[in-house]
Structure formats: structure tokens, C-alpha cells
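Below: one structure, written as C-alpha cells.
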Amino acid sequence: MIGAIEVTPAWYLVLGAALFSIGTFGLLIRRNPLVMFMCIELMLNAVTLTFVTFSRMVRDTGGQSIVVFVLVVAAAEVVVGLAIIVALLRKRPGATADDVAILEG
Amino acid sequence: MIELVVFAVAGAACLAGAVGVVASSNPVHAALSLVGTLFGIAVLFVAQDANFLAAVQVIVYAGAIVVLFLFVIMLLGVDRVDNLRVEPLGGGQRVTAAVVALGVLGLVLATLASTGWEATGAVGEVDEAVPDINQLGEALFTRYVYAFEITSLLLVIAVVGAVLLARRVRREEEIVDPGQAERQAEVTERIARAEARAGGDGAGNGEQPASVDTTSFGASDDFVTAQRGLGSAEGAEGLPEAEGERS
């Protein structure tokens, strides 16, 4: 009976949507800037999973190509974001997302 | 059948990792949960014939980015446990966040359902016989070559920005010799002690403070040699004490 169930691309899309919403939830409730960053990575990965699924559905490499760009942008974003977090936490250890204003000036 | 098992296991790993990222009170545990999610997604990439992207996912994400996260956590020593029981803002912030997240989920699912779970639009021609990395390379270096070149610019800007942001700016007045205050206090204390000793001996010996000084030093030297003699019997433990006495 289980063997009769076929994994359709829709399953991947639902999984991607679920991962994205979990990432959104985490981004909204957590205050540790590092964990908020990890939630953003979660959302980016949900989107890449969706892109790869669409790429297979329409039989086109465009979806996979855009995943490469998403990877590059994610790497750049992490580098800059972690630099900001290092600067923030160096000024005030234990800083939360509410303390980003201390970097002003 | 096999695809169902792969999807179930990898999907469960993804979801469990995602929940772990959100619910871990320790940032290190959150980072390790993120590895679970990224690995599960890499497996799902393989299940969808995106082998090259799966390899890149593991190398770049699980390898480089998560290690960068852990490095920052350990470097700054912020691996403290957050108290998750306290709502940061209060006033039903978590309820609102849950409503927003469920709203996003419902919106995406409704959009997908409205198309009948089918991708519409131009159907490209993918040759199943050609490996995915060949097709991806061809697409990147022909159709998307300008975008590809611009990403290199983006990476350079990111590196410059990171160096600029994380650099510690030193001004002249901020340069402080570490331990300078302690050394200064020690020197002051030693001068005071020597003066007190010289004053006490000078009272008994008359008007020759210089000779008093040499005799007191000679006495302490004798003490050190005596300590050394003892220390050779005791082993290495006596020696640092003797050195400390002399210095």
C-alpha cells in the first residue's frame, strides 16, 4: 500500500513552504542576532529547495542556476552580517537585536 | 518506494533541524541543528537529480557557513543559554509571530494549490542523458554569464565590507599596555619596601645607606643560594620560588 504512494513535486513544495514558515517564525521570536541569522539561512534554503523542485517540474536549468546565485548571495550576506554581529557583540557582550542602535555613529 | 523513504527521512531531518534552530536555547545547538536541515536539503537535491548543487550545498553551507557561525560563536564566547521562557517584547508577540508564520504558510500553499500543484510557463528542454553539472555549467556561462560575473563583484564587496566592519579601530589614546598598572603598582611597592628596609638598617649602622644596601643584597643572594641548594634536593619546585625571590 505504501509502495503505491508516489512522491510528487508538490510534496517538496509543501516541505519548502513549511521550512520557510518555520524560519519566519524563528526570525520573529528570537532575539539573539546569530540565531536570527540562522533562521534567515533556513528561509533561503527553503527557497532553494523550491527552485530546484520547479527546475525539475519544468525541465529547465534556470532554477538550478538561480540556486547557485542564491548560494553566492547567502555566503556574501553571512560574511557581512557576521562582521556586523562581531562589531556589535564586541561593543556590548550579550547584545540582542534591540541593541543594534549602539553601532550608530 | 525508495524515493518515498528518502523523502520521508530527509524531510524529517529538515523539519527537525528547523525546529531545533528555532527552539534551541543554546546558539551552538542551533548551529548544529542547522547542519541537519542543510544536509537533509542536500539529500533532497540528490533525489531531484541536482547532484552538483547537493555537493555545493554540503561544501558551502554545511562546511563553510556553519563553521563560520560556530567560529563567531566561539570567538565571542556568546555560547550562553538564552532564556526562552521570557517573551522579549511581551504583549502576545509569539502569538503574533505564529499567526504571521502560519499566514505565510497558508499563502504559499494557497498559491500552489491555485495552480493545481503544477508549474506553468515555458517548458525547457533538459536532456536526461547529459549530466546536470554540464547543463548547469552551460547555462551559467552562456545565458547567465553577466549575472555570474557580477556575483564575483558582490563577493569582493562583501570581503571588503567584512574587513572594514570587523576591524578594530585603534586611536592613539586607546593604546594601553596590558598589565601596565599592575607592573607600576609592583614597582612602587618594591621601592617602598626597599626604602623601609634601608631606613631600618640605617638606624643601626649609622650614616652609610649605600653599604647597608649592598649587605642587604648580599644577604638575599646568600638566601637564594641556600634555597637553590635545598631546591636541588626538592626538584624543580624550589627553583621558580628562588627565581621569584631574586627578581
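The values are calculated or read from the model by the stated rules, or taken from the named source; none is laboratory data. Computed from a prediction, not measured in an experiment: that's the story for all the values here. Backbone-built Cβ (ideal geometry, glycine too); neighbour counts: all protein chains shown.
Observations
- Unique residue being surrounded by 10 or more Cβ atoms within 10 Å (Cβ to Cβ), more than 26 Å from residue A:11 (Cβ to Cβ) and facing another protein chain (nearest Cβ under 7 Å) when the list is B:105, B:136, B:165, B:112: B:165
- From the options B:115, B:151, B:120, residue that is closer than 30 Å to residue A:19 by Cα and at pLDDT 90 or above: B:151
- Residue match in region A:35-44 (condition: under 25 Å from residue B:121 (Cβ atoms) and touching a helix residue (DSSP H, G or I) at 6+ places or on another chain (Cβ under 7 Å)): yes
- Odd one out for residue B:12, checked against (1) out of contact with any helix residue (DSSP H, G or I) (no Cβ under 7 Å at 6 or more places or on another chain); (2) modelled with pLDDT under 95; (3) aliphatic (A, V, I, L, M): (2)
- Candidates B:136, B:112 - the one that is touching a residue at least 24 places away in the same chain (Cβ under 8 Å) and farther than 30 Å from residue A:99 by Cα: B:136
- Positions within region B:139-162 being of a type in the set (Val, Ile, Thr) and either at the interface with chain A (Cβ under 9 Å from one of its Cβ atoms) or within 37 Å of the chain's Cα centre (by Cα) (or both), in sequence order: B:145, B:150, B:151, B:156, B:157, B:159, B:160
- From B:66, B:43, residue being under 19 Å from the mean Cα position of the chain (by Cα) and surrounded by 17 or more Cβ atoms within 10 Å (Cβ to Cβ): B:66
- Residue within region B:76-83 that is out of contact with any helix residue (DSSP H, G or I) (no Cβ under 6 Å at 6 or more places or on another chain), farther than 22 Å from residue A:81 by Cα and at pLDDT below 95 present: yes
- The helices (runs of 4 or more DSSP H) found wholly in region B:1-109 and carrying at least 2 residues that are under 30 Å from residue A:91 (Cβ atoms) occupy B:2-23, B:27-47, B:66-76.
- Only one of B:95, B:130 that is within 36 Å of the chain's Cα centre (by Cα), more than 7 Å from every other protein chain (Cβ to nearest Cβ) and surrounded by fewer than 12 Cβ atoms within 10 Å (Cβ to Cβ): B:95
Quick grid of which residues meet (1) in contact with a Pro (Cβ under 6 Å, 6 or more places away or on another chain); (2) facing chain B (nearest Cβ under 8 Å); (3) modelled with pLDDT of 90 or more; (4) crowded, with 23+ Cβ neighbours inside 10 Å:
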| position | (1), (2), (3), (4) |
| --- | --- |
| A:45 | no, yes, yes, yes |
| A:59 | no, yes, no, no |
| A:74 | no, yes, yes, no |
| A:79 | no, yes, yes, no |
| A:86 | no, yes, no, no |
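- Against the list (1) in a loop (DSSP other than H, G, I, E, B); (2) more than 28 Å from residue A:69 (Cβ to Cβ); (3) at pLDDT 75 or above, the condition residue B:127 fails is (2).
- The residues listed here are B:89, B:68, B:75, B:84; of these, the one that is at the interface with another protein chain (Cβ under 10 Å from one of its Cβ atoms) and closer than 27 Å to residue A:49 by Cα is B:68.
- Any hit, region B:79-87, residues being of a type in the set (Asp, Glu), farther than 30 Å from residue A:63 by Cα and without any contact (Cβ under 8 Å) to a residue 12 or more places away in the chain: yes
- Here residue A:40 fulfils each of the conditions (1) at the interface with chain B (Cβ under 7 Å from one of its Cβ atoms); (2) surrounded by fewer than 19 Cβ atoms within 10 Å (Cβ to Cβ); (3) within 19 Å of residue B:17 (Cβ to Cβ); (4) not hydroxyl-bearing (Ser, Thr, Tyr) apart from (1).
- Candidates B:31, B:42, B:50, B:18: the one that is more than 8 Å from chain A (Cβ to nearest Cβ) and either of a type in the set (Gly, Ala, Ser) or within 16 Å of residue B:68 (Cα to Cα) (or both) is B:42.
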